[in-house]
Amino acid sequence: MSTNAIAIENLKSGAQPWTATLHEWVTTVDHKRIGILYILYALCYLVVAGLEALIIRVQLVHAHNSFVSPQVFNRMFTMHGTTMIFFVAMPILFGFANYLVPLMIGARDMAFPRLNAFSFWLTALGGLLLYFSFLGGNGLYGAGNAPDAGWWAYAPLAAKAFSPGHSSDYWTIALLVSGFGSIGTAINILATVLCMRCPGMHLGRMPLLVWLNLVMSGMVLIAVTPLSAAQLMLLVDRYLGGHFFDTQAGGSATLWMHFFWIFGHPEVYILILPAFAFMSEIIPVFSRKPIFGYPVMVGATVFIGFVSMSVWAHHMFTIGMNSYANSFFTITSMAVGIPTGIKIFNWLGTMWGGRIQFKTPMLFCLGFLFQFLIAGLTGIMLASSPFDWQLGNSYFVVAHFHYVIVGGILFALFAAFYYWYPKFTGRLLSERLGKLHFWLFVIGFHVTFDVMHIPGILGMPRRIYTYEPGRGWEGMNLIVTVGAFIQALAILVFVWNLVVSYWKGVKAGNDPWDAWTLEWSVSSPPPTYNFASIPTVASRRPLWDMKHPEDPDYRYE
Amino acid sequence: MKIYRLLAASLCLSAIDGAAQQVSSTNIFAPASTPARTIFGLSVFVLVLTAAIFCVVFTLLVYSVVKFRDRSADAGREPAQIYGSTQIELAWTIIPVLIVVVLFMATARVIHAIQDAPKPPAALDVTVIGHQFWWEFRYPKLGIITANELHIPVSDPAHPTPTFLKLMSADTDHSFWVPELGGKTDLIPNRVNEMWIDPPRAGIYLGQCAQYCGTQHAKMLLRVSVDSRADFAAWVRAQQQPAVQDTKVTAGRRVFETTSCINCHTVSGTAANGRFGPDLAHFMNRSTLASGAAENTIANLRLWLKNPDAIKPGSLMPAMQLSDADLDALTAYLETLR
């Protein structure tokens, strides 16, 4: 192991006009800066889509509320879902991948730095197009001003007959444009991981974060392309007289469902694999042990990648497929639970016999494990198709996927923020604010989403702007709304922590967590081209080998 | 998790206590028809199994967090570095595989029992057509067309007379969901779906559209009236009569026939033969207006005719800008359509 931690001096000093700094950031092709751009961009949309969620929750606080009109409510849940998936979760995870993958494999940048910048700006343009619909969506019809067909935009609701004006066009083009951005980034990560690893780092020595992002990128290539194809077909329907999804001219509504969900379900794994990646890096460091069962973890990831491509129609159990199709998608959906379960057990195995340090990143990891366990089990319930005939499209499903996305992915992201923020900025986030953030968010999360399962069991469908009194839904909805505001408060603490610690945080040094992967061998923040000389590695934990020459990993691997 | 199950169980009990009342709850754990009951049985099995898994994994998680937490005594020392174990990996691969196999078998049995159930000759056929934002019910063998409130006979388990629903859509996707009677099935344009229900007890069962279908998806409510044999026969006879022709309300009928009402609604024996809106021949037979959005009272009906958006903003029925006198006459006319 020959890590060269000598920083390449930043040639530019701090004293330059702000326009020059701005110009540098806009024209940058540095993977670290692009990563940070992705993350900041996604954080802005997190706040916007969070506010949309609060509007939804205020409207549902009691029966027959009239805080917003049905039209506005429908726009809010459409924009909330679309924004959170495409302009928060995807970019923020790409941001971390961009920043971390080259550092962890000992590379100086991504394989295609200019494609990298291009992909980011496409994604950024997509988000702006989506939100421009609030201004430009009216069209000549005076129709609704933002997309309101739900984030699945089921045919024929997004067809010209049911969605006049331009709101659906903005939705379509926004997703098409950001989809090309995602494909570009996926190609870039694939090429980087396959071609840019430092000497000694064969596939079996890559950190799990890199493995998981490799599989994730392969899935993006396969899953986002059908979505882009479907968007093009929808545009053909809307403007060139096509009839793919135009049911009034004999088109097929179920065709759109298949196209959408063959993207939509792998998408869930595209989002959760990077979350698994954070877990697989952070849990070992704070348990002071290597990851338990590395080869099995890699195998389980690849298995998830393949099986997740054959489960999409479990979103369609109620569309009247025959009993054989329903049985097939039941067993494939349940089968995904096996590698996922293996992963949970391996994280537990990593903690077992360790010396667990309850720093804020680890707290979020434990929250993840607890909540992801429950999300997986409610997922098994929904995979059992007859049970899904009752639970599908009810608030139970809404609670389930928020358990995955908030309780799982967002908790993993918070863990990643607390863990890598010192690498990004050179300063640690405040532990005190971090613990406050953690506990507030845990309480808010459980008040919101535990309770949300119950109205679903009591027959409350999703996407309704109001509901009838006397069905046992009112009290539950009130509690859920209170929980949503507690979460909002926790997010404020988090943002405050991000801002204050940037100037006032404790100086981090190269390696504040006593960790083992290559990114901790360079300065914080890392110099422009990461490594003054390309390192050579002999095991999965190069920094462990360096710190413990008497007991290096490569003797056991 | 446990809390949910306790809550669900208590909700279920309270629903059984309340079975004597007329109107049902919308609780999926209070099944009142064979498909719903079969699903409920499977649900309990899945819930018990997942609760058991939860308890095991949660215990392991809590144990390792407590047992292996960092103590000041061993500060600075690294624990034993363990890289994995083939036996343990095999164990926690094979056990989940077995659990999945068991779950799948139980599920497949229920899928088959519900979806491939044979249709007895005594079954009643009803065609359900979803519209933005109301339900059309057609009884092809009985020659009846009605809306929003489905009437079906009780099905005596000894001599079952289940109701088989054919589900279609006139515009966007909808979904038929009455939780106590069965799971939901979508109504999709250019596609015919089927489901069946066989409630053994009379009563009103509530539900609503469960697939987002546009602005007023929330107020596309469903009422299923399960009638005793005699009540159902009486209802069928009443529905098969032509619409009442009351000479006292000729003025209202003239308003009805000379405005655009007739473009969308049908009343047998009049000029009205539209198909976009509900059939009104026996409109007063229904207890609600606007697909369950309001009770069918004179005041609500007049408000609905005057300004539909006041009851259901975004519904496709236009306000006809009638004078107060015309509104009164039209309301009086519709009130006679029993």
Boolean, residue A:142 is at pLDDT below 90 and more than 14 Å from residue A:79 (Cβ to Cβ): yes
The range B:24-49, subset in a helix (DSSP H, G or I) and without any contact (Cβ under 8 Å) to a residue 40 or more places away in the chain, residue nearest to the other protein chains (Cβ to nearest Cβ): B:43
Filter result (of a type in the set (A, V, I, L, M, F, W, C), more than 20 Å from residue A:35 (Cα to Cα) and surrounded by 24 or more Cβ atoms within 10 Å (Cβ to Cβ)) within the range A:164-202: A:171, A:174, A:175, A:201
Unique residue being more than 7 Å from chain A (Cβ to nearest Cβ) and free of Cβ contacts under 8 Å to residues at least 24 places away in the same chain when the list is B:202, B:230, B:218: B:230
Single condition residue A:446 does not satisfy, out of (1) farther than 30 Å from residue A:388 by Cα; (2) within 14 Å of chain B (Cβ to nearest Cβ): (1)
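Would you confirm, using the coordinates I've provided, whether residue B:128 is in contact with a Ser or Thr (Cβ under 6 Å, 6 or more places away or on another chain) and either facing another protein chain (nearest Cβ under 8 Å) or outside any loop (DSSP other than H, G, I, E, B) (or both)?
Values: in contact with a Ser or Thr (Cβ under 6 Å, 6 or more places away or on another chain): no; either facing another protein chain (nearest Cβ under 8 Å) or outside any loop (DSSP other than H, G, I, E, B) (or both): yes.
Spelling it out, it is not the case that residue B:128 is in contact with a Ser or Thr (Cβ under 6 Å, 6 or more places away or on another chain) and either facing another protein chain (nearest Cβ under 8 Å) or outside any loop (DSSP other than H, G, I, E, B) (or both).
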Residue list for the range B:54-87, restricted to those being within 12 Å of residue A:348 (Cβ to Cβ), facing chain A (nearest Cβ under 7 Å) and of a type in the set (A, V, I, L, M): B:57, B:60, B:61, B:65
Considering residues of the range B:288-338 that are aliphatic (A, V, I, L, M) and assigned to a strand (DSSP E or B) only, the residue nearest to residue B:251 (Cα to Cα): B:289
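Here's the yes/no breakdown for (1) within 14 Å of chain B (Cβ to nearest Cβ); (2) part of a helix (DSSP H, G or I); (3) touching an Asp or Glu at 6+ places or on another chain (Cβ under 6 Å):
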site	(1), (2), (3)
A:213	no, yes, no
A:235	no, yes, no
A:243	yes, no, no
A:254	yes, yes, no
A:266	no, yes, no
A:274	no, yes, no
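Inside the range B:147-252, counting only strands (runs of 3 or more DSSP E) that do not spill past its ends, which hold 2 or more residues that are polar (S, T, N, Q)? Don't jump to the end; show me each part of the working.
Numbers: elements: B:149-153, B:163-169, B:174-176, B:185-187, B:193-197, B:203-208, B:221-227.
It comes to B:163-169.
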Cβ pairs under 7 Å, 6+ apart, first in the range A:542-557 and within 12 Å of residue A:518 (Cβ to Cβ), second at pLDDT 90 or above and not in a loop (DSSP other than H, G, I, E, B): A:542/A:518; A:543/A:520; A:543/A:521
Sole exception among (1) among the β-branched types (Val, Ile, Thr); (2) facing another protein chain (nearest Cβ under 7 Å); (3) assigned to a helix (DSSP H, G or I) for residue A:307, by number: (2)
Qualifying residue in the range A:180-194 (condition: without any contact (Cβ under 8 Å) to a residue 24 or more places away in the chain and either within 25 Å of the chain's Cα centre (by Cα) or in a loop (DSSP other than H, G, I, E, B) (or both)): yes
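The values are calculated or read from the model by the stated rules, or taken from the named source; none is laboratory data. Model, not experiment: these values are computed from the prediction. Using ideal geometry, Cβ is built from the backbone for each residue, glycine included, and neighbour counts are taken over all protein chains shown.
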